[in-house]
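Colleague: Here it is: the structure, laid out below.
Bear in mind that the values in this text are calculations on the coordinates, not laboratory data. Being a predicted model, the structure only gives us computed values, none of them experimental. For neighbour counting, all protein chains shown are included, and Cβ atoms are generated from backbone atoms with ideal geometry for every residue, glycine included.
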Amino acid sequence: MPISDLADKCQTSKPTVVRLCKTLGYSGYKELCMYLNADIMLSDNGEMSYKDISPNDDSKDIVAKVCENNIKAIKNTMEIMDYEALNRAVELLVKARRIDFYGVGNSGFVALDAQNKFLRINKLATAQTDPHLQILTASNLSKNDAAVFISYTGETRDLLETLEIVKTTGAQTMSITRLGKNSLSEATDINLFMVSDENFIRSGAMSSRIGQLCIIDILFSIVTSRLYSDIKPYLDRSMAASKKKKTLMV
């Protein structure tokens, strides 16, 4: 409910509610609601809770669980989307001279997917998955550039080291991580969160990867929509080039 309604029901003031939220370690009422929502969704009896895969599951059960978990990763991410942060992220990507995407392991594949998409609309985009190359490219960013860090845990040491270098360049930073306090989101300018759960067999970043890819798709789609009249020729060219390449390969 709106903070004013909550304050009325508790027979207190809005500033008191905000102070309570900050005492609990949240930035404000909005962030508290976001975490409560995610907690409810991920609880054992929650509508959007995840199903783990057991060694004795048959193929039909595994197919159902994997598909349901991927669907839930997308729905949960949508439910906790911070649209104010999303709009700030879009503005950053629209104005950025160059966009660097950083990720390692499975998150590195998401970074590569982002590079592929933004290159199609004539955005100078790079994706680095090797920690040594990340340091080299990060050191050459400028205040007109954007650096996007992708990590499920938000605690990947290589990315945190790269982030420290990016900060010395003046480039704006963005993170895509799981919902919760983590070192990466606390150090970046803009944070976009996704909700997932990686247990047992699914610990190989399965549904979390889907959540990350979903956020990249959202960012790309909104940026493309905002710049459509300017980038349509580049979309047409990249599509024609891709089609020609496939024809030649066949």
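Colleague: Can you tell me the dipole magnitude for region 74-192 around its Cα centre, using point charges on the Cβ only (Lys, Arg +1; Asp, Glu -1), in Debye to the nearest 20?
Modeller: It works out to roughly 360 debye.
Colleague: Using a 10 Å Cβ count of at most 15 others and DSSP loop calls, identify the longest part of the chain lacking such GluC sites (Glu not before Pro).
Modeller: It works out to 48-154.
Colleague: Among Ile80, Thr16, Asn122, whose Cα sits farthest toward the positive end of the charge dipole of the chain (+1 at Cβ of Lys/Arg, -1 at Cβ of Asp/Glu, about the Cα centre)?
Modeller: Asn122
Colleague: So how far apart, in nm, are the two label points at Glu155 and Ala64 if each is 7 Å from Cα heading toward Cβ?
Modeller: Here the answer is 3.4 nm between the modelled labels.
Colleague: Within the chain, which complete DSSP H helices have Cα atoms spanning at least 27 Å along the helix axis and a mean Kyte-Doolittle hydropathy of -1.0 or higher?
Modeller: 59-79, 207-226, 228-249
Colleague: May I ask you to sort Phe118, Phe109, Phe220, Phe149 by Cβ crowding, counting other Cβ atoms within 10 Å and putting the fewest first?
Modeller: Phe109, Phe220, Phe118, Phe149
Colleague: By count of other Cβ within 10 Å, fewest leading, how are Tyr234, Tyr102, Tyr228 ordered?
Modeller: Final ranking by Cβ density, sparse to dense: Tyr228, Tyr234, Tyr102.
Colleague: Let me ask you something else. Spin-label point model (7 Å from Cα, Cβ direction): what's the Asn122 to Lys30 distance in nm?
Modeller: Distance between label points: 3.4 nm.
Colleague: Using 0.36 nm times the number of residues separating Lys244 and Asp5, minus their current alpha carbon distance, what extension gain do you get?
Modeller: 80.1 nm
Colleague: Follow-up. Between beta-carbons, use under 12 Å as the cut-off and find the net charge around His132, counting Lys and Arg +1, Asp and Glu -1.
Modeller: That sum, taken over residues with Cβ under 12 Å, equals -3.
Colleague: Between beta-carbons, use under 12 Å as the cut-off and find the net charge around Ile190, counting Lys and Arg +1, Asp and Glu -1.
Modeller: Here the charged neighbours net out to -3.
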